[in-house]
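The values are calculated or read from the model by the stated rules, or taken from the named source; none is laboratory data. Just so it is clear, the structure is predicted and the values come from calculations on it, not from any experiment. All Cβ positions, glycine included, derive from the backbone under ideal geometry; neighbour counts span all protein chains shown. These accessible areas exclude ligands, DNA and RNA; they are computed on the full protein's heavy atoms, side chains included. Shrake-Rupley method; radii C 1.70, N 1.55, O 1.52, S 1.80 Å.
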Amino acid sequence: MKIDWARKLTSRKFWMAVASFVSLLIVAFGFEEQSAAQVSAIIMAGATVIGYILGEGLVDAANTKDTKE
């Protein structure tokens, strides 16, 4: 079974799950909820950048392939 990492890393559901998991771990280890919220915001901001870069790269690759054919 091969994992499509480009699709996985551009998935909003995946990043929400990661942010939620990390936030819950932060709270479980006794840190303040404010810290958990800040970390979640950073994860989602990073996910937005990663998703945009990968998405644009996939579109550019598809456009390049179409022009060669």
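Condition test on residue 49, is it surrounded by 11 or more Cβ atoms within 10 Å (Cβ to Cβ) and of a type outside the set (Lys, Arg)? Against the criterion (surrounded by 11 or more Cβ atoms within 10 Å (Cβ to Cβ) and of a type outside the set (Lys, Arg)), residue 49 does not qualify. Residue pairs whose Cβ atoms lie under 9 Å apart, sitting 6 or more positions apart in sequence or on different chains, and linking a residue in region 7-30 that is farther than 16 Å from residue 58 by Cβ to a partner that is open to solvent by 60 Å² or more (accessible area, probe 1.4 Å) and outside any helix (DSSP H, G or I), are 26/32. Assess whether residue 43 counts as being touching a residue at least 40 places away in the same chain (Cβ under 8 Å), among the β-branched types (Val, Ile, Thr) and open to solvent by less than 90 Å² (accessible area, probe 1.4 Å). Taking the combined requirement at face value, the residue does not satisfy it. Selection over region 1-36 of residues that are open to solvent by less than 100 Å² (accessible area, probe 1.4 Å) and either within 26 Å of residue 53 (Cα to Cα) or part of a helix (DSSP H, G or I) (or both) gives a count of 21.
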